[in-house]
Structure formats: structure tokens, C-alpha cells
Amino acid sequence: MRKLENILVTGGAGFIGSNFIRYVFNNTDFKGKLINFDKLTYAGNAESLADIDKAFGGSRYFFVHGDICIKDDVDAALKKYDIDTIIHFAAESHVDRSIHGPAEFMNTNIMGTFNLLESARSAWSGRSDVLFHHVSTDEVYGSLGDTGYFFETTPYNPRSPYSASKASSDHIVMAYNHTYGLPVTMTNCSNNYGPYQFPEKLIPVMIMNIKDGKKLPVYGDGKNIRDWLYVDDHNSAVWAVVNKGRNGETYNIGGENEWENIKLVNVLCEKMAARLGKEKDHFKSLIDYVKDRPGHDRRYAINCDKLKKELGWKQAFDFDRGLDLTIDWFLSNDQWISRVRSGEYRKWIEKNYGGR
Ligand code: NAD
Ligand code: TDX
């Protein structure tokens, strides 16, 4: 039986991690303590959880400014909070950045995960009431042609520095389960979207550029396909796996919602036009086909039947509703956006931690 009393969430100040923490406090019957362990890189913004900090800070929610690559940071947090569950979101996550600067991806995603596993192995020696849950991506499976799906059994074939670093970490996690008996579960998810996504990924880039009347950069021919999932649906799946997933198993999570990039950008243009009082096609003239991403994977599509059948999970947000929620969030959170864009949010770290 899993204890699930004191949870360490790595990367909880990022896009999915911050939504996950909010989901656990607001939508589940979890009664224990949750520790958000985050380095606060460019993608980490502790302000994204101001509401949770206000409601639960110091009693059930704690923030630790730490680096998964520094063993002392991890060991100290595991000990201080008597951690029995690690949910590992922390990573360098943006494919374009991995092409321009792969080193940090290898360090954080591979060595950071290895470091966490080592700390967990020594802190939890011989225990079976603990869990290391690893959050991964569908990109480890490579790229699909016009047909077919990624299953849990699909051989790994990562093709970008980002996906190769995530694939490596997935293998190391499973090796710790097989070799040392460390209790682990893993999830491989498709493209997420929703509130608090850092404005470098496709959907927030397009929403914000439309709002500002800037060009909309579509890579290559715009016909690459992604399977989009609302972030709360990812988080309900992770919560289900952490609670009920079988030890040593991987579960695919997907939206069953495939879109060509250019079709999605057109929908965003139309939804924004409706909100900003413009003609339906007004913003489409901003679409700008630009040089393709090197090694750009053509199509991702997830089969998530295992998760549905075994754990009874299903998506709760259809794409229309999820996009409306996302657009409305970005249109009504100017302060978060301007602080993220200007770098102002980083002053929080300077004030609280002397700028480390
Ligand atoms: P993100 O880039 O928004 O957030 C990453 C977080 O990790 C940030 O808060 C950052 O400060 C933190 N972090 C980075 N390096 C760290 C370190 N060394 N020590 C501690 N914290 C560190 O990423 P995201 O989009 O929220 O993705 C979260 C996880 O989900 C990643 O593991 C990613 O691979 C995976 N994933 C993402 C998607 C997606 O569509 N965004 C899809 C599938 C899987
Ligand atoms: O400006 C853009 N123009 C464009 O055409 C951007 C930012 C992206 N794109 C294309 C590239 C992809 O085909 O849109 C698609 C989505 O791109 P991203 O938002 O960068 O996501 P992707 O590369 O698919 O990876 C995402 O999903 C899987 C996350 O960033 C990963 O962390 C996750 O593992």
C-alpha cells in the first residue's frame, strides 16, 4: 500500500507542475503535505502558485528552492519533509532550445533524474510503501507517418536532443525498478496546453502574437501533427497513476485530438477575432511560414487505451472548451504575462534567495 502522505513535486513552478499542484489541492482528497522542489530556471515562476501558497503555505504546501542536479539539495528535502512519494516533472522542456543548446538538457534531464533516483534509493532502502513517478513525453517514440499510434510497447526512437534526453531518463528510471526494486511508475504524455504555459510553445506564442498584431511563425509547411491535451487532463491522469498505477508500469496519456499545426493556428486566429471584435479571417494575414525546425517530427498520436481500461481515466475537456479556457486565461492575466516576458518574476528569487 502506498503511503502518499508527503509528496515532493519536482518542477512544480513550471507549466504542468504548477497546474498539477493546484489540481491536487483543489480537486482531490489528498490530505498530506506537498513540497514544491524547483530550481526556478527561466521556465519556473513561483508566483504561478500564489493562490496555493496563500491557502496552504506553511501548513500543507512548502516551496524548496533546489536543484535536482545537486545531491545535497535533494537529500536534505527528502529528509526534512520525510518524503514518501516523488513526482518528477522537472526538466528542460522546449525542443527548439534543445537544438540550440543541448548541454543543459543532458545535465538536467539525464543527470538530474539519475541524481534524484540515487537519493530516493538511499532514503527509501527496502521500502515498498514509497513511489517514484516519472513524467515523460510521447516524443521518446519518434515520429509517425500518416497512420498508426504510439503504444506503451512502441520501441523508443527519439530524434531531438530533448527527446533523447527524456528517453535516457526513462530508461534509467526503469533500470532502478528492475535492478534495485525501487517502486516506480511512469507516464508518457502528448502535447499539453492551458494556463501558465511559458510563452515559447506553439499555443501561447500564437495567442500572444495575435493579441500584439505580430507575425505568426509556422514552421515548414505547417502540416506537422500534434495530439493536444488540456493540462488538467494530464494531471488527473498522473494522479490516477500515482494512486493506482501498477509498480514498474508505463502509461501513455493523450488527447485523442490530432491537429495539423496550420489548422490549429487558423482556429486560434478565428477565436481571437471573435474576442477582439474583428472579422473572422482578420488575423490570418499574420501567418508567416518560416524555416522548418531541424529534424522536425512529423506526427505524434497516442493510444491511451491502457490508462483508460486499467484505471478508468478519461479526458474531461474537449478541445473547443480547453482552447476557450486557455485563450481567456491569457487575455485576462496581463500581469503574469508581462512579468514573465520582462523577466520581472525573477526578482522573487532575488528577494527570497539572494538571486541564486
Ligand atoms: P516547464 O519548462 O514549463 O517547467 C519545467 C520546470 O522544471 C520549471 O519550473 C523549472 O524551473 C524546473 N527545473 C528545471 N531544471 C531544474 C532543476 N535542475 N532542478 C529543479 N527544477 C528544475 O516544463 P513543462 O512543460 O511543465 O513540462 C513538465 C514535464 O512534463 C517535463 O518533464 C516534460 O518533459 C514533460 N512533458 C511536457 C509536455 C508538454 O507539452 N509541455 C508533454 C509531455 C511531457
Ligand atoms: O512558433 C512555433 N511555430 C511552430 O510551427 C512553435 C513554438 C512551434 N511550432 C510547431 C512545432 C511543432 O510541430 O508547433 C508544434 C508544437 O511545437 P511546441 O509547442 O514547441 O511543442 P513540441 O515540439 O511538439 O513539444 C511539446 O510537446 C511534447 C513540449 O514542448 C514537450 O515538452 C513535450 O514533451
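The values are calculated or read from the model by the stated rules, or taken from the named source; none is laboratory data. These numbers come from a predicted model, not from an experiment. Cβ placement follows ideal geometry from the backbone for every residue including glycine, while neighbour counts extend to all protein chains displayed. Remember, those area values only see protein heavy atoms, side chains included, never the ligands or the DNA or RNA. Shrake-Rupley method; radii C 1.70, N 1.55, O 1.52, S 1.80 Å.
Quick check on segment 305-321: of everything there that is touching a helix residue (DSSP H, G or I) at 6+ places or on another chain (Cβ under 8 Å) and open to solvent by less than 50 Å² (accessible area, probe 1.4 Å), which residue is farthest from E249 (Cα to Cα)?
F317
Quick one: would you say D233 is among the acidic types (D, E), in contact with a strand residue (DSSP E or B) (Cβ under 9 Å, 6 or more places away or on another chain) and away from ligand 2 (no atom under 11 Å from the Cβ)? Break it down into steps so the answer makes sense when it comes.
Numbers: among the acidic types (D, E): yes; in contact with a strand residue (DSSP E or B) (Cβ under 9 Å, 6 or more places away or on another chain): yes; away from ligand 2 (no atom under 11 Å from the Cβ): yes.
Here the answer is yes, as D233 does meet what is asked.
Report those helices (runs of 4 or more DSSP H) wholly inside segment 1-118 carrying at least 1 residues which are more than 28 Å from S342 (Cβ to Cβ), of a type in the set (D, E, K, R) and more than 16 Å from ligand 2 (Cβ to nearest atom).
71-80
What are the residues in segment 119-141 that are among the hydroxyl-bearing types (S, T, Y), part of a helix (DSSP H, G or I) and either open to solvent by 10 Å² or more (accessible area, probe 1.4 Å) or touching a Pro at 6+ places or on another chain (Cβ under 9 Å) (or both), if any?
Scanning segment 119-141 gives S122, Y141.
If you go through segment 206-228 one residue at a time, do you hit one that is part of a helix (DSSP H, G or I), within 16 Å of ligand 1 (Cβ to nearest atom) and either of a type in the set (V, I, T) or out of contact with any helix residue (DSSP H, G or I) (no Cβ under 8 Å at 6 or more places or on another chain) (or both)?
There is at least one residue in segment 206-228 that is part of a helix (DSSP H, G or I), within 16 Å of ligand 1 (Cβ to nearest atom) and either of a type in the set (V, I, T) or out of contact with any helix residue (DSSP H, G or I) (no Cβ under 8 Å at 6 or more places or on another chain) (or both).
G255 is checked against (1) in a loop (DSSP other than H, G, I, E, B); (2) loosely packed, with under 14 Cβ neighbours inside 10 Å and fails just one. What number does that condition carry?
(2) is the only condition that G255 fails.
Considering segment 41-56 alone, what residues qualify as being in contact with a Phe, Trp or Tyr (Cβ under 8 Å, 6 or more places away or on another chain) and not aromatic (F, W, Y)?
Result: A43, N45, A46, E47, S48, L49, I52, D53, A55.
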